[in-house]
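This report refers to the structure that appears directly beneath it.
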Amino acid sequence: MLDVKTLSHDLLGFRPRAVVGRRELIELPELHLHLNAKVDTGAHSSALHAENIEVFEQDDELRVRFITRTGGSDSPAHTVETHVHDRRRVRSSNGQAQWRYVIRSRMRLAGLDYDIDMTLVDRSQMRHPILLGRRALRRLLVAPGAAYLHGEP
């Protein structure tokens, strides 16, 4: 049996901190959100569901206010306000390129706690309100045949 603690650096090029499944529960404590996430190694960046995105300046800082939902379109709306970290051109899975606002927040997953960048996009037609791309998955090993290795929804 393969144990994450015994995997050699030579085999993978890094020592994994944890193993995660294709779907996991995550926490974004700074945003007061618990979300059912889709893990996608084919995506470069992470994307968080956002509706009614408003960008404004406050105290010489660019900020964003938006509504997100922890489930489908019927789930309660959560208003989030935070600092705009960046603005990036992102190519979606359908090949369309668009400019998106980027926010940065702490993420808790698999006993780990670290910062991730997320682009804001309407994911209302998607099953999961957040997609975790490769940048957020650095140092994690993904087991695509498993789901919710760190807690059931």
Per residue, how much accessible surface does the chain expose to a 1.4 Å probe? Answer in Å², no decimals. 59
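Pairs of Cα atoms under 8 Å, at least six residues apart: use those to get the relative contact order of the chain, whole percent.
Numbers: 341 pairs, mean separation 54.0, N = 153.
RCO, the chain: 35 percent.
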How much mean residue ellipticity at 222 nm does the chain get from its helices, if each DSSP H run of length 4 or more adds -39500 (n - 2.57) and you divide by all residues, to the nearest 500 deg cm²/dmol? -500 deg cm²/dmol
Mind listing the phi-derived Karplus ³J(HN,Hα) values for the stretch 99-112, rounded to whole Hz, using 6.51, -1.76 and 1.60 with θ = phi - 60°, and x for any glycine or proline? 7, 10, 6, 10, 10, 10, 8, 5, 10, 10, 7, 6, x, 9
In what order, largest first, do GLU57, GLU30 sit by accessible area if the probe radius is 1.4 Å? GLU57, GLU30
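For ALA97 and ALA77, what does the FRET efficiency come to when R0 = 30 Å and r is the distance between their Cβ atoms, rounded to the nearest 0.05? Can you show the working numbers first?
Working: r = 28 Å, r/R0 = 0.95.
With a Förster radius of 30 Å, E is 0.60.
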Taking one equal scatterer on every alpha-carbon of the stretch 1-140, how large is log10 of I(q)/I(0) by Debye at q = 0.13, 0.14, 0.17 1/Å? -0.59, -0.67, -0.95
Nearest 20 debye, what's the magnitude of the dipole of the chain about its Cα centre given +1 on Lys and Arg Cβ and -1 on Asp and Glu Cβ? 700
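On full extension of the chain, what length is gained from HIS34 through ASP86, given 0.36 nm per residue of separation minus the C-alpha to C-alpha distance?
Separation in residues times 0.36 nm, less the Cα-Cα distance, equals 16.4 nm.
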Non-local residues with an amide H under 5 Å from the amide H of ALA37, with H modelled 1.01 Å from N and Pro and chain starts lacking one, are GLU24, LEU25, ILE26
Check which residues have an amide H placed less than 5 Å from LEU149's amide H, if you skip close sequence neighbours. GLY21
Once amide H atoms are placed 1.01 Å from N in the peptide plane, what residues at a sequence separation of 5 or more from VAL142, or on another chain, have their amide H within under 5 Å of its amide H? VAL20
Per-residue HN-Hα couplings for the stretch 139-149 [Karplus 6.51, -1.76, 1.60; θ = phi - 60°; Hz; x = Gly/Pro]: 6, 10, 9, 9, 9, x, x, 10, 8, 6, 5
Tell me, how many Å apart are the Cα centres for the stretch 111-153 and for the stretch 61-91? 16
Which order do the peptides 80-93, 38-51, 100-113 come out in when sorted by mean C-beta neighbours inside 10 angstrom, highest first? 38-51, 100-113, 80-93
Difference of contour (0.36 nm per residue) and Cα-Cα distance, ASP113 to ASP59: 16.6 nm
Report ³J(HN,Hα) in whole Hz for each residue of the stretch 89-95, in order, from the Karplus equation J = 6.51 cos²θ - 1.76 cosθ + 1.60 where θ = phi - 60°; Gly and Pro get x. 8, 10, 9, 6, 5, 8, x
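The values are calculated or read from the model by the stated rules, or taken from the named source; none is laboratory data. Computed from a prediction, not measured in an experiment: that's the story for all the values here. Cβ: placed from backbone, ideal geometry, glycine included. Neighbour counts: every protein chain shown. For the accessible areas, the whole protein counts, side chains as well, though only heavy atoms, and no ligand, DNA or RNA atoms are used. Shrake-Rupley method; radii C 1.70, N 1.55, O 1.52, S 1.80 Å.
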